Amino acid sequence: NPVPTEQESRSHLSSDGKEATRLAFAKYASYGKKLDRAIGAATAGGVKVHRFHPSGRVILTVVGHLGDEFIDPDKPYCSCSHFFFRVLSGRDELCYHLLSYKIAVESNSVKFVDFDDEEYGQFFSSLVTDVFGVLDRSSGP
């Protein structure tokens, strides 16, 4: 899954048409409640590509119900406890954060946030702090 470009992500899902959105992503219906959470994150603009200039570094995050999660859909990887306890153990295919990314890409609803390279260290430090805070607030499996 290459990171989408801003031009590819111009139109956004409508939170008003939840059922229409669910129908549009019927191929993911087997994910059940996870699909609803994923659609919620995508429609709320919670799937973000943080771009740093001029280096071109990119960090992907999804705003989850407990806070920001770092994702790498190419690996795939997510910093959430569900990914660690369920996906890595083979009990689940993916977490709703990674599903949110798929939905956001397919629906052109990824948000882009631009930064200067000088802001990378502070951003990354804040993200790591938030991710550890989410882990503290989550109950594990």
Can you find a residue that is under 17 Å from residue 3 (Cβ atoms) and in contact (Cβ under 8 Å) with a residue 24 or more places away in the chain anywhere in the range 74-89? yes
Mind checking which pairs have a first residue in the range 110-122 that is free of Cβ contacts under 8 Å to residues at least 60 places away in the same chain and a second that is of a type in the set (Phe, Trp, Tyr) and open to solvent by 80 Å² or more (accessible area, probe 1.4 Å), Cβ under 7 Å, 6 or more apart or different chains? none
Residue check, residue 66 against (1) closer than 18 Å to residue 3 by Cα; (2) touching a residue at least 40 places away in the same chain (Cβ under 8 Å); (3) aliphatic (A, V, I, L, M), all met but one. Which one? (1)
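In the set 126, 109, which member is surrounded by fewer than 16 Cβ atoms within 10 Å (Cβ to Cβ) and of a type outside the set (Asp, Glu)?
On the way: 109 fails: surrounded by fewer than 16 Cβ atoms within 10 Å (Cβ to Cβ).
Answer to the selection: 126.
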List the number of the failed condition for residue 28; all other conditions in (1) part of a helix (DSSP H, G or I); (2) open to solvent by less than 70 Å² (accessible area, probe 1.4 Å); (3) without any contact (Cβ under 8 Å) to a residue 40 or more places away in the chain hold. (3)
Screening 53, 65, 97 for residues that are open to solvent by 60 Å² or more (accessible area, probe 1.4 Å), at pLDDT 95 or above and of a type outside the set (Phe, Trp, Tyr) leaves only 53
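Quick grid of which residues meet (1) farther than 18 Å from residue 53 by Cβ; (2) part of a helix (DSSP H, G or I):
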residue: 104; (1), (2): yes, yes
residue: 109; (1), (2): yes, no
residue: 115; (1), (2): no, no
residue: 118; (1), (2): no, yes
residue: 121; (1), (2): no, yes
residue: 131; (1), (2): yes, yes
residue: 136; (1), (2): yes, yes
If only one of 86, 37 is under 20 Å from residue 132 (Cβ atoms) and not acidic (Asp, Glu), which one is it? 86
Within the range 9-33, restricting attention to residues that are of a type in the set (Lys, Arg) and modelled with pLDDT under 65, which residue is farthest from residue 82 (Cα to Cα)? 10
Those residues of the range 70-94 which are open to solvent by less than 10 Å² (accessible area, probe 1.4 Å) and part of a strand (DSSP E or B), in sequence order: 71, 78
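The values are calculated or read from the model by the stated rules, or taken from the named source; none is laboratory data. Bear in mind that the values here come from a model prediction, so they are computed numbers and not experimental data. Please note: Cβ atoms are built from the backbone with ideal geometry, for glycine as well, and neighbour counts cover all protein chains shown. Heads up: the accessible areas ignore ligands, DNA and RNA and are worked out on the full protein's heavy atoms, side chains in. Shrake-Rupley method; radii C 1.70, N 1.55, O 1.52, S 1.80 Å.
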